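The values are calculated or read from the model by the stated rules, or taken from the named source; none is laboratory data. None of these values were measured; they are calculated from a predicted model. Don't worry about glycine lacking a Cβ; one is built from the backbone with ideal geometry, like all the others, and counts go over all protein chains shown.
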Amino acid sequence: MMREEWKEEWKEELTEERILRMLEGRQYKELKEELENNMYPVDLAEILEDFNQKQTVMVFRLLAKEEAAETFAYMNSDMREQLINSLTDSELEEVMEEMYLDDTVDVLEEMPANVVDRLLMATDEEKRRQINQLLQYPEDSAGSVMNVDYIALRKEMTVADAILRIRQVGLNRETIYTCYVTEKKKLIGVVDVKELLTTSESKLIEEIMDTNMLYAQTTDDQEDAARTITKYGLIALPIVDHEMCMVGIVTVDDAMLVLQEETTEDISIMAGVHPSEESYFGTTVLEHVKSRIPWLMFLMLSATVTQMIMNSYESALAVMPQLAGFIPMLTGTGGNCGSQSSTLVIRGLAVGEIEFKDVLKVIWKEVRIAVCISVILSVVNGIRIMLMGQGNLMMAFTIGGTMACTIIIAKVVGCTLPLAAEKAGLDPAIMATPLISTLVDISTISVYFAIVSAVFAL
């Protein structure tokens, strides 16, 4: 098994080397055959990232129109811009002609105005009209990511007529596996190609179509549409307007991209970084600084509250300086517990498992979890304090009690803040690790010194 994996990896590495070698040796015919038979567009796009502009253009011009358009769609924005500036108008027109409409819109949204103008000039009037229509939909809506190329059937068609229709127009459609039955443009049913191929050709579409269909409206959130596709295992989801007229479909590959983008955005926000569509290396140092500094500034200044609390207990620290040594452990444990709860709740919100109405159920569950965790950690920490000679039994009980209170507070804060953000119409991810850690630190210090002052009469 290991040998086979090594051979496959070696083959992939050799393919890249072979392309460069063939370019240098002017073996263009052999290279063209190699690209057509042994290379997927997505893999080729990755390989071309390491090529210079001249090499990229030479390889791109060897591709067939369909493969060229698909490879172009997988490229990053910088590569696309360089390629556009290097291609002739006729070459660019061929690429735009072969690209699916949703991919074309994605490309246009990433390009500068001068490049967009040139791309639009390379498209026909009908396609420009469709592009303008898609660009009018709100950002992050289902309409903004849909494709208008789908198979439309009529209910009075026979199965034989439907199959003939698919053969006539299917080549220019992104997917043909699910066909949509419309009447005066209104969606009335769906039928799978599998059903068409396994049913008598004389049957009417009306007899076999499924009227219990899933759909989304153009103004629905694109993430909701993507979740529907994922939940029900759909190849494509029909998109309708407010009059139930069908206007397009969102395919499973687009849904995966939407969920990937949303996940990336949530991860960035949870880390206290302003989300960016650019890659790590494609983002300048200054842009990285601008995206990170707001949260860091806020958290730094908010720590002033913690400092003020500790200053108010200077006398207690002067009498028992060993108290300061337990603070990092208590705040760290509290922050970690809060982060665990917030992460799980944010995930539950993202997949639709948890809603705001479940807030009391979530709190009750997290409190029970916190009690169990606090007992275990407090006992272990008490034993550690005794064994390491960091205090007597009273000190162990004091730290254990503080830890128990800290964990319970952290769990409650960690689970409620994302739910509150969701209710307020904010992204729950903003109530993630950095903010929760700050709030838990303030709570921990307050509880710690309150307990210590009461126990030791400081």
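Being farther than 15 Å from MET329 by Cβ and among the small types (Gly, Ala, Ser) is the filter here, so list the residues in region 352-384 that pass it.
Listed by number, the residues that qualify are GLY352, ALA370.
What number of residues in region 211-231 are closer than 14 Å to GLU139 by Cβ and surrounded by fewer than 15 Cβ atoms within 10 Å (Cβ to Cβ)?
1
Quick one: in region 251-265, of everything that is part of a helix (DSSP H, G or I) and of a type in the set (S, T, N, Q), which residue is nearest to ASP102 (Cα to Cα)?
Top of the filtered list is GLN260.
Please work out if SER453 is among the small types (Gly, Ala, Ser) and either crowded, with 17+ Cβ neighbours inside 10 Å or at pLDDT 85 or above (or both).
no
Quick one: which helices (runs of 4 or more DSSP H) lie wholly within region 283-389 and hold at least 3 residues that are surrounded by 15 or more Cβ atoms within 10 Å (Cβ to Cβ) and within 29 Å of the chain's Cα centre (by Cα)?
Fully inside region 283-389 and qualifying: 285-312, 327-350, 359-387.
Of all the helices (runs of 4 or more DSSP H) wholly in region 1-68, which have at least 2 residues that are at pLDDT 80 or above, more than 30 Å from the chain's Cα centre (by Cα) and not hydroxyl-bearing (Ser, Thr, Tyr)?
Here the list reads 2-24, 28-38, 53-62.
Take MET75 and decide whether it is at pLDDT 85 or above and assigned by TED's automatic domain parsing to the domain that holds ARG118.
yes
So, restricting to helices (runs of 4 or more DSSP H) that lie completely within region 183-244, which ones have at least 1 residues that are under 22 Å from ILE163 (Cα atoms) and among the β-branched types (Val, Ile, Thr)?
In region 183-244, the matching helices (runs of 4 or more DSSP H) lie at 193-197, 205-208.
Given the options LEU62, LEU48, LEU83, name the one that is over 21 Å from GLU110 (Cβ atoms) and crowded, with 17+ Cβ neighbours inside 10 Å.
Just a single option satisfies the conditions, and that option is LEU62.
Determine whether ILE235 is over 16 Å from the mean Cα position of the chain (by Cα), farther than 21 Å from GLU353 by Cβ, crowded, with 17+ Cβ neighbours inside 10 Å and at pLDDT 90 or above.
No: the conditions fail for ILE235.
I'm trying to understand the selection: among the residues of region 114-166, which are small (Gly, Ala, Ser) and surrounded by fewer than 17 Cβ atoms within 10 Å (Cβ to Cβ)?
Scanning region 114-166 gives ALA152, ALA160.
Restricting the search to region 79-130, which residues are modelled with pLDDT of 80 or more, out of contact with any helix residue (DSSP H, G or I) (no Cβ under 9 Å at 6 or more places or on another chain) and among the small types (Gly, Ala, Ser)?
Within region 79-130, just SER90 meets the criteria.
Scan region 219-236 for residues that are among the aliphatic types (A, V, I, L, M) and in contact with a Ser or Thr (Cβ under 6 Å, 6 or more places away or on another chain) and jot them down.
Scanning region 219-236 gives ILE235, ALA236.
Can you go through SER144, SER202 and tell me which one is modelled with pLDDT of 85 or more, hydroxyl-bearing (Ser, Thr, Tyr) and outside the structural domain of GLY248 (by TED's automatic domain parsing)?
So the residue among SER144, SER202 that is modelled with pLDDT of 85 or more, hydroxyl-bearing (Ser, Thr, Tyr) and outside the structural domain of GLY248 (by TED's automatic domain parsing) is SER144.
Could you tell me whether region 318-341 includes any residue that is of a type in the set (A, V, I, L, M), in contact with a Ser or Thr (Cβ under 8 Å, 6 or more places away or on another chain) and closer than 30 Å to ILE229 by Cα?
Within region 318-341 (the criterion being of a type in the set (A, V, I, L, M), in contact with a Ser or Thr (Cβ under 8 Å, 6 or more places away or on another chain) and closer than 30 Å to ILE229 by Cα), the answer is no, since none of the residues qualifies.
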